[in-house]
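First up is the structure itself, then whatever we jot down about it.
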Amino acid sequence: MVIYGWNTKVLKEAPFAGHQCTNCGHENTHIVVSGSYAHIFWIPLFPYKKVLHVICDNCKHANKPKEVSEEVRSLAKQLKSKVRFPAYMFSGLAIVMVLIGYFAVATYMDGQRFEKYLSEPEVNDIYYLYDKDEPSEFKYSLLKVIDIRQDTIDVSPNGFSYNYEPTQLLEDDGFYDVFLSYHKSEIMEMFTNDELRTVKRLGSAVSGMDKVIIYNPEEFQEK
Ligand SMILES: [Zn+2]
């Protein structure tokens, strides 16, 4: 359940003379400037507006700005404009900006890491291929780097297609005991064409990518 809404808080109170209460005629009043703010789970998100009342000290009637004279109103407005929203009313905005900053940095770091993985491949790196022409939703398949010979990268394909970017293989899946060779520039081209979506390095991001399955050409010729 998300709890959200508006809250109002008194920002400033000041005794005020020169206004006669419209309810009881008493002359001692005080000005109250209150601020309303949006909150979610009681965390103030952002302030919305300031509201002004002239409160009678005798009967507590809240005289609205339109009930007081022009002169009183302009004095009160001056006071209202000087009252600032306290910083805590911006807490939510501050949190959101910190989060945006965090994700921007994280995304940037991901991009940096990704390009480093492409330009400096290591054995066991996993390439995530994306086949946009595949009619089903299973558009993802993998290549695993098994050897690097100067500018040539040998990769083994996995057996299954996935409808997500797997961080671990399904039980019956694995990488075939055969390999394809690509020039580094071809890998870069696949990345540029969006055929290669991402690279993950074994250890931190992915696990269970060490299973080898036997490539049997007959399986692929039955059709
Ligand atoms: Zn009054």
(message) What do you get for the angle between helix 70-82 and the principal long axis of the chain? Use alpha-carbon atoms, 0 to 90 degrees, nearest ten.
(response) 40 degrees
(request) Could you state the orientation-averaged shadow area of the convex hull built on the Cα atoms of the chain, in nm² to one decimal? (result) 20.8 nm²
(message) Going Cα to Cα from Lys144, which lysines come in below 25 Å? Please leave out same-chain ones fewer than 8 positions away.
(response) Lys116, Lys132, Lys184, Lys200, Lys211
(request) Once you have the Cα-Cα distance between His30 and His183, take 0.36 nm times their residue separation minus that, and quote the gain in nm to one decimal. (result) 47.0 nm
(request) Step through the residues of region 120-136 one at a time and calculate ³J(HN,Hα) from phi using the Karplus curve (6.51 cos²θ - 1.76 cosθ + 1.60, θ = phi - 60°), rounding each to whole Hz and writing x for Gly and Pro. (result) 10, x, 10, 4, 5, 4, 10, 9, 9, 8, 10, 9, 6, 8, 5, x, 7
(message) Below 18 Å, Cα to Cα, which aspartates and glutamates can Lys50 reach? Residues fewer than 8 away in the same chain don't count.
(response) Glu13, Glu67
(message) Using the Cα centre of region 121-221 as the reference point, and only Cβ charges (+1 on K/R, -1 on D/E), how large is the resulting charge dipole? Debye, rounded to the nearest 20.
(response) 360 debye
(request) Would you be so kind as to identify which of Val32, Val145, Ala17 lies farthest towards the positive end of the dipole of the chain, taking Lys and Arg as +1 and Asp and Glu as -1 on Cβ and the Cα centre as origin? (result) Ala17
(request) Could you order Met109, Met89 so the one with the most accessible surface comes first? Probe is 1.4 Å. (result) Met109, Met89
(message) Need one number: convex hull volume per residue for region 115-223, Cα atoms only, in Å³.
(response) 108 Å³
(request) In Å³ and rounded to a whole number, note down the convex hull volume per residue for the Cα atoms of region 71-160. (result) 214 Å³
(request) Compute the accessible area per residue over region 121-221, keeping the other protein chains in place, probe 1.4 Å, unit Å². (result) 59 Å²
(request) Could you work out the local net charge near Val32, counting Lys and Arg as +1, Asp and Glu as -1, over the other residues with Cβ closer than 12 Å to its Cβ? (result) +4
(request) Report the FRET efficiency, 1/(1 + (r/R0)^6), for Asp194 and Met97, where r is their Cβ-Cβ distance and R0 is 45 Å, rounded to 0.05. (result) 0.90
(request) Take Ile146, Ile3 and sort them by solvent-accessible surface of the protein heavy atoms, 1.4 Å probe, largest at the top. (result) Ile146, Ile3
(message) At q = 0.14, 0.15, 0.23 Å⁻¹, what log₁₀ I(q)/I(0) does region 4-89 have when each alpha carbon counts as one equal point scatterer in the Debye sum?
(response) -0.50, -0.56, -1.00
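The values are calculated or read from the model by the stated rules, or taken from the named source; none is laboratory data. As the structure is a prediction and not an experimental result, all values here were calculated from the model. Note: ideal-geometry Cβ built from the backbone for every residue, glycine included; neighbour counts use all protein chains shown. To get the accessible areas, we keep the full protein, side chains included, count just its heavy atoms, and leave off ligands, DNA and RNA. Shrake-Rupley method; radii C 1.70, N 1.55, O 1.52, S 1.80 Å.
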